[in-house]
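Chemist: Please find one structure pasted underneath; my questions will follow.
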Amino acid sequence: MAANPTGRAAGSHQANSLIGNCLPAGPPAPRLGNSPKSDIEIAVKFISTRGRAPSLSFADTVLTGLASDGGLYVPETLPQFSGDEIRAMAGLDYRELAFRIIQPFASGDVADDDLRGIIDRAYSNFRHPAVAPLVQSGPNEWVLELFQGPTLAFKDFALQFLGQLFDHLLKERNERVVVMGATSGDTGSAAIEGCRHCDNIDIFILHPHNRVSEVQRRQMTTVLSDNVFNIALEGNFDDCQNMVKASFADQSFLPDGRRLVAVNSINWARIMAQIVYYFYAALNLGAPDRTVNFSVPTGNFGDIFAGYLARKMGLPIDQLVIATNANDILHRCISDNDHSPRELVHSLSPSMDIMVSSNFERLLFDLYRRDGEAVASLLADRSAPMQLDPDVLQRAREVFSSCRVDDARTVEVIREVFQSTGYLLDPHTAIGVEAARRTRHSAVQPMVCLATAHPAKFPEAVARALPTHKIELPPHMADLFERAERYKVLPNDLGRVHDFMATAL
Ligand SMILES: *Cc1c(COP(=O)(O)O)cnc(C)c1O
C-alpha cells in the first residue's frame, strides 16, 4: 500500500486504462511506501479545490465541511492499489474490504482497531448479509443493490459510516457538536439514522413542510431519540438550504462550546465510504482481471465521483455513465459543453432533482490538473455560463458518458424490466439502467447499474408503471404508518428556527 501524488498518476492511468484492461503500465508513479525511509505511515493531507484554504488532516476535513475559500476538500494524494493488491482483495467480506480501502485515508487520525469498530457498527444494520448484493438484470448487466440499509437508499452507506466516525472523533476530542442539514427527502432520514445513537451529536434536520413524500417524512419523524429534532419549515427546499447556510455563517445562536457540523454530500467521508462498493462489485465480477463499467443515477455527483476515484486508485473501469432525469445539467455539460443552470423540474426521481451538482467541482479540480486557481476563476466568472476548455472536456469524455431519461421513459423501463425479469426497479435505478443500455461501449465488459433506492420508497412511479402491482415496505418498516411522529412546524424565519434550536440544546 502506498500513496502517490494524484495529478501525474491520474494522467498516466487514464491513458493506459483505455488500452489495457488492468493496470497502468506507464512509468511507475512515485510510491512513497517504497522509499526506504518510510515504514512509518504517511498521513494523507486534504486540500481545497480552490487552492487558497489551509490543508487539513483527515479528522479536521471530516468535521469541517466547506473550505474557507469556498472550495471542497480533496485528498492531496490518493492511495494506489496494484493489480496484485486488488487481486488479493477478492472474496473479502464487505467490512474487511471497507477497512482496506478506507484505512490509507484515515490512518493518520484513526487507529486501525478503532476504524474496524466504526466500520463494523456502520454496516451491522444492513439487511442483506452481502451488504451490497449484485443481481443480474440483463446480458452482462447487473444491478448493485445499495438499498439494504435502514432507510432504503444508498445514502446509508455513507451516513451510517459518517455517524460512527463523528462519534469516535468527537469522543477523542471530548466535544459535542450540532449536526444541521436540509433535506428534500433521502438525505435527512439517512443522516438521522446515522446519528441517532451517537452520544456526542444533536441533529436538526429541516424539511419543506408538506413537500416531502409521506414515507420520507415518517422515516425522519418517527425516530424519537432525544438527540433528534425534525423541523418542518413553511417554505420550499431552497428556503431550508438557505436557512442552513445562514446558520453555518453565523453560529452565535448556539450555546457556548458548540458548533455546527455538516452531513451534506460535500463531506469527504461520504465520498470515501462510497468508493468501497465500486471495488466490491468489480471484485465480485472478476476485477482486476476484467474491466467493469458502472452506470450511476446522478444528482449532486457524489456517488459517481466515488467511482471516478476508485478508477484512479487502480480499479479497472473504462466507462462511467452519468444518468440524469430531466434536470440534465451534467448531461448537457458532457454532451454539449452547456453547463447553464435551468429551472428545477419536479420529476418522478426526486432525489436527482438538482439545478447544479456541488461535487462536480471535485472533478473539475482534477480535470484542470489540480490547479485551484483555474477552478476558482472558472467558477467565479458569473458573466456567462461555465464553459470547459476543449481539452478538459475531452479528458472528461474519456471516462464519462451521459444520458438523460425523462419521466415517461422511466415508467416504461420499470414496466419493461419487471415484465421481462420479474425484478422491480425504483425510478432512480431505472434511469441508470436505461442510460447504461443506451450508452454502453462494450457488450463484453460487465455493466453494473447502481440501484440507489428500494422501489417501495417511490410508490408513485411504480404505480404508474404497474398499476396493479402491490408493493410492500421491507419488514423492519412495515409499521411505519402506525408509528408516532414528532416534528416541529416553524415559519421561514431564521430567528424562530434559532430560538427553537437553542432551547432544545
Ligand atoms: C441522493 C440520491 C441520488 C443522487 O446521488 P448523488 O451522489 O447526489 O449524485 C440518486 N438516487 C437516490 C435514490 C438518491 O437518494
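Chemist: If I model a spin label as a point 7 Å beyond the Cα along the Cα-Cβ vector, how far apart are those points for Thr503 and Asp391 in nm?
Modeler: Once both label points are built, they end up 6.0 nm from each other.
Chemist: Checking the a/c ratio against 1.5 first, then a/b against b/c, what shape does the Cα gyration tensor give for the chain? Numbers along the way, then the final one.
Modeler: On the way: a/c = 1.37, a/b = 1.12, b/c = 1.22.
The shape class here is rounded.
Chemist: Ordering Arg259, Arg362, Arg211 by how much accessible area each has at a 1.4 Å probe, largest first, what is the list?
Modeler: Arg211, Arg259, Arg362
Chemist: Quote the accessible area belonging to His441 in square angstrom, nearest 10, computed with a 1.4 Å probe and with ligands, DNA and RNA left uncounted.
Modeler: 140
Chemist: Right, another one. Which percent, to the nearest 5, of DSSP beta bridges fully inside the chain are antiparallel? Write out the running numbers ahead of the final one.
Modeler: Numbers: 13 of 48 bridges.
Percentage antiparallel, nearest 5: 25.
Chemist: As I understand it, the dipole of the chain uses +1 on the Cβ of Lys and Arg and -1 on the Cβ of Asp and Glu, about the Cα centre. Which of Ala281, Ser252, Phe237 lies farthest toward its positive end?
Modeler: Working it through, the farthest residue towards the positive pole turns out to be Ala281.
Chemist: Using packing as a proxy for protection, rank 490-497, 222-229 so that the peptide with the highest average count of other Cβ atoms within 10 Å comes first. Working shown, then result.
Modeler: Values: 490-497: 15.1, 222-229: 17.2.
With the highest mean Cβ count within 10 Å placed first, the list reads 222-229, 490-497.
Chemist: Taking 8 Å as the Cα distance limit and 6 or more residues as the minimum spacing, I'd like the relative contact order of the stretch 47-141 as a percentage. Please list the in-between numbers first.
Modeler: Numbers: 64 pairs, mean separation 22.8, N = 95.
Reported relative contact order: 24 percent.
Chemist: Per q in 0.14, 0.16, 0.30, 0.32 1/Å, what log10 I(q)/I(0) does a Debye calculation on the alpha-carbon atoms of the stretch 121-170 return?
Modeler: For the requested q values the scattering log ratios are -0.41, -0.50, -1.07, -1.13.
Chemist: Would you calculate the convex hull of the Cα atoms in the stretch 331-442 and tell me its volume per residue in Å³? Mind dumping the intermediate values first?
Modeler: On the way: hull volume 13.1 nm³, N = 112.
Per-residue hull volume (Cα only) is 117 Å³.
Chemist: Once you order the gyration tensor axes a ≥ b ≥ c over the Cα atoms, which shape class does the stretch 437-505 get: rounded for a/c under 1.5, otherwise prolate or oblate by comparing a/b with b/c? List each step's numbers first, then the result.
Modeler: Working: a/c = 3.03, a/b = 1.83, b/c = 1.66.
Prolate, since a/c reaches 1.5 and a/b exceeds b/c.
Chemist: Also, I was wondering about something else. For the stretch 289-327, run through the chymotrypsin sites (Phe, Trp or Tyr not before Pro) and keep only the ones in DSSP coil with at most 12 other Cβ atoms within 10 Å of their Cβ. Could the numbers behind the result be given before it?
Modeler: Details: sites: Phe294, Phe301, Phe305, Tyr308; in loops: Phe301.
For chymotrypsin sites (Phe, Trp or Tyr not before Pro) across the stretch 289-327 that sit outside H, G, I, E and B with at most 12 neighbouring Cβ atoms in 10 Å, the list is empty.
Chemist: Which pairs break 25 Å Cα to Cα here: Lys45/Lys312; Lys155/Lys312; Lys45/Lys171; Lys245/Lys457?
Modeler: From the list (Lys45/Lys312; Lys155/Lys312; Lys45/Lys171; Lys245/Lys457), the Cα-Cα distance tops 25 Å for Lys245/Lys457.
Chemist: Okay, moving on. Place a +1 charge on the Cβ of each Lys and Arg in the chain and a -1 charge on the Cβ of each Asp and Glu, then give the dipole magnitude about the Cα centre in debye, rounded to the nearest 20.
Modeler: Values: 48 positive and 60 negative charges, 102 e Å.
Value, rounded to 20: 500 debye.
Chemist: Rounded to the nearest 500, what is the chain's calculated 222 nm mean residue ellipticity when only DSSP H runs of at least 4 contribute -39500 (n - 2.57) each, over all residues? Working shown, then result.
Modeler: Numbers: 19 runs with 209 residues, N = 505.
Rounded to the nearest 500, it is -12500 deg cm²/dmol.
Chemist: Farthest toward the dipole's positive end in the chain, which of Pro129, Gly117, Val223, given Cβ charges of +1 (Lys, Arg) and -1 (Asp, Glu) about the Cα centre?
Modeler: Of the candidates, Pro129 comes out farthest on the positive side.
Chemist: Follow-up. Using only the Cα atoms of the stretch 187-238, each taken as one equal point scatterer with no solvent, compute I(q) by the Debye sum, divide by I(0), and report log10 of the ratio at q = 0.24 Å⁻¹.
Modeler: Log-scaled intensity ratios, in q order: -0.87.
The values are calculated or read from the model by the stated rules, or taken from the named source; none is laboratory data. A quick note: this is a predicted structure, and the numbers were derived from the prediction, not measured. All Cβ positions, glycine included, derive from the backbone under ideal geometry; neighbour counts span all protein chains shown. Heads up: the accessible areas ignore ligands, DNA and RNA and are worked out on the full protein's heavy atoms, side chains in. Shrake-Rupley method; radii C 1.70, N 1.55, O 1.52, S 1.80 Å.
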